[in-house]
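A short write-up of the structure that comes next.
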């Protein structure tokens, strides 16, 4: 049973999901998990779950806009500035594990994990508990510069990012928590997660669009365009706020958010929705 009326227009739903994507992409609550659960309860279906992946590009363009000057500096330094080359290598090292696993397990992820709201709700709750625990641990950061993370730390963050291929885990949550356990301070872990999101989500967007090129139609492109634009705008607001908030107040808010959303989803599923 769906919570949405049978004649619900898809445009308002696509708009809502776009705002939801942008608002949750860069905080550790799992944007994909939120979108998939919202789509389930609203009765929203997209061919091959492409909508849910493609609108993430809007959020990625937002973070690229925020870090445009830094990205331009990096591009100018390639081949000339050892520090910029080192940072680029660290991002690529962190990107590789999830890219490889995602490529090999793409069909499992899309046809099994994405279709299991119970799995997503469970991962939201478990991830929330992890955030609450991590927020209270007396971790002693050793790395305070995003540009100078050791390669082993970058690779470790990339390996931990593979957990986020399970919807509900959270890509930003896994990489931030991984960075904290590997010695980064909260701001550095969050900022590295932002930079890592650019190749990771861009690759996911491109691959998923190519895999589902035969099932996209004009109406689907309209929904994607709406979600894309609103994901961009909402992410632009959130990404400017999240670094300062995490640095000052930690992750407790996001941990409780995940637990509440996961429990509400479980309650709805038990009720037959």
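Restricting to the range 165-176, give me the number of residues that are buried (at least 24 other Cβ atoms within 10 Å of the Cβ) and outside any loop (DSSP other than H, G, I, E, B).
Qualifying residue count for the region: 6.
Does residue 133 fit the bill of being more than 18 Å from residue 74 (Cβ to Cβ) and either at pLDDT below 95 or over 19 Å from the mean Cα position of the chain (by Cα) (or both)? Explain how you work it out, then say what you get.
On the way: more than 18 Å from residue 74 (Cβ to Cβ): yes; either at pLDDT below 95 or over 19 Å from the mean Cα position of the chain (by Cα) (or both): yes.
Yes, satisfied.
Taking the conditions exactly as written (loosely packed, with under 15 Cβ neighbours inside 10 Å and in a helix (DSSP H, G or I)), does residue 133 satisfy them or not? Show your work before the answer.
Numbers: loosely packed, with under 15 Cβ neighbours inside 10 Å: yes; in a helix (DSSP H, G or I): yes.
The answer is yes for residue 133.
May I ask you to list the residues in the range 199-231 that are crowded, with 21+ Cβ neighbours inside 10 Å and at pLDDT 90 or above?
Within the range 199-231, 200, 230, 231 meet the criteria.
Would it be correct to say that residue 240 is surrounded by fewer than 17 Cβ atoms within 10 Å (Cβ to Cβ) and over 21 Å from the mean Cα position of the chain (by Cα)? Outline the logic, then answer.
Numbers: surrounded by fewer than 17 Cβ atoms within 10 Å (Cβ to Cβ): yes; over 21 Å from the mean Cα position of the chain (by Cα): no.
Against the criterion (surrounded by fewer than 17 Cβ atoms within 10 Å (Cβ to Cβ) and over 21 Å from the mean Cα position of the chain (by Cα)), residue 240 does not qualify.
Scan the range 242-254 for residues that are under 13 Å from residue 187 (Cβ atoms) and part of a helix (DSSP H, G or I) and jot them down.
Looking only at the range 242-254, we keep the residues that are under 13 Å from residue 187 (Cβ atoms), and these are 242-251.
If the condition is that a residue be under 13 Å from residue 187 (Cβ atoms) and part of a helix (DSSP H, G or I), then 242, 243, 244, 245, 246, 247, 248, 249 are the ones that fit.
Taking into account only those residues within the range 8-27 that are in a loop (DSSP other than H, G, I, E, B) and either touching a residue at least 24 places away in the same chain (Cβ under 8 Å) or touching a helix residue (DSSP H, G or I) at 6+ places or on another chain (Cβ under 9 Å) (or both), which is farthest from residue 246 (Cα to Cα)? Break it down stepwise before answering.
Initial filter on the range 8-27 (in a loop (DSSP other than H, G, I, E, B)): 8-9, 25-27.
Those left that are additionally either touching a residue at least 24 places away in the same chain (Cβ under 8 Å) or touching a helix residue (DSSP H, G or I) at 6+ places or on another chain (Cβ under 9 Å) (or both): 8, 25-27.
Working: 8: 37, 25: 15, 26: 11, 27: 9 Å.
Among them, the one singled out is 8.
For residue 141, are the conditions met, namely being farther than 20 Å from residue 70 by Cα, within 17 Å of the chain's Cα centre (by Cα), in a loop (DSSP other than H, G, I, E, B) and at pLDDT 90 or above? Before the answer, list the steps.
On the way: farther than 20 Å from residue 70 by Cα: yes; within 17 Å of the chain's Cα centre (by Cα): no; in a loop (DSSP other than H, G, I, E, B): yes; at pLDDT 90 or above: yes.
No; evaluated as a whole, the condition is false for this residue.
Using the structure shown, decide if residue 127 is within 16 Å of residue 256 (Cα to Cα), assigned to a helix (DSSP H, G or I) and at pLDDT 90 or above. Please lay out each step first, then the result.
On the way: within 16 Å of residue 256 (Cα to Cα): yes; assigned to a helix (DSSP H, G or I): yes; at pLDDT 90 or above: yes.
Answer is yes for this residue.
Please go through the range 54-83 and give me each residue that is closer than 18 Å to residue 190 by Cβ and assigned to a loop (DSSP other than H, G, I, E, B), ordered by number.
Scanning the range 54-83 gives a single hit, 67.
Scan 184, 190 and give me the residue that is crowded, with 21+ Cβ neighbours inside 10 Å, farther than 17 Å from residue 53 by Cα and in contact with a strand residue (DSSP E or B) (Cβ under 6 Å, 6 or more places away or on another chain).
From the options 184, 190, the qualifying one is 184.
Please indicate, with yes or no, whether at least one residue in the range 195-203 is part of a loop (DSSP other than H, G, I, E, B) and closer than 21 Å to residue 247 by Cα. If you could, list the steps in order and put the result at the bottom.
Residues of the range 195-203 that are part of a loop (DSSP other than H, G, I, E, B), as a first pass: none.
Checked the range 195-203: no residue is part of a loop (DSSP other than H, G, I, E, B) and closer than 21 Å to residue 247 by Cα.
What residue, of 136, 142, 118, 80, is out of contact with any helix residue (DSSP H, G or I) (no Cβ under 7 Å at 6 or more places or on another chain) and touching a residue at least 24 places away in the same chain (Cβ under 8 Å)? Before the answer, list the steps.
Values: 136 fails: touching a residue at least 24 places away in the same chain (Cβ under 8 Å); 118 fails: out of contact with any helix residue (DSSP H, G or I) (no Cβ under 7 Å at 6 or more places or on another chain); 80 fails: touching a residue at least 24 places away in the same chain (Cβ under 8 Å).
The conditions single out 142.
A quick yes/no check of all residues on (1) surrounded by fewer than 19 Cβ atoms within 10 Å (Cβ to Cβ); (2) touching a residue at least 24 places away in the same chain (Cβ under 8 Å); (3) on the phi < 0 side of the Ramachandran plot:
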{"site": "29", "(1), (2), (3)": "no, yes, yes"}
{"site": "43", "(1), (2), (3)": "yes, yes, no"}
{"site": "53", "(1), (2), (3)": "no, yes, yes"}
{"site": "60", "(1), (2), (3)": "no, yes, yes"}
{"site": "72", "(1), (2), (3)": "yes, no, yes"}
{"site": "75", "(1), (2), (3)": "yes, no, yes"}
{"site": "102", "(1), (2), (3)": "no, yes, yes"}
{"site": "107", "(1), (2), (3)": "yes, no, yes"}
{"site": "111", "(1), (2), (3)": "yes, no, yes"}
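The values are calculated or read from the model by the stated rules, or taken from the named source; none is laboratory data. Predicted model, so just to flag it, every value in this text is computed and none were measured. Glycine gets a Cβ as well: all are built from the backbone with ideal geometry, and neighbour counts include every protein chain shown.
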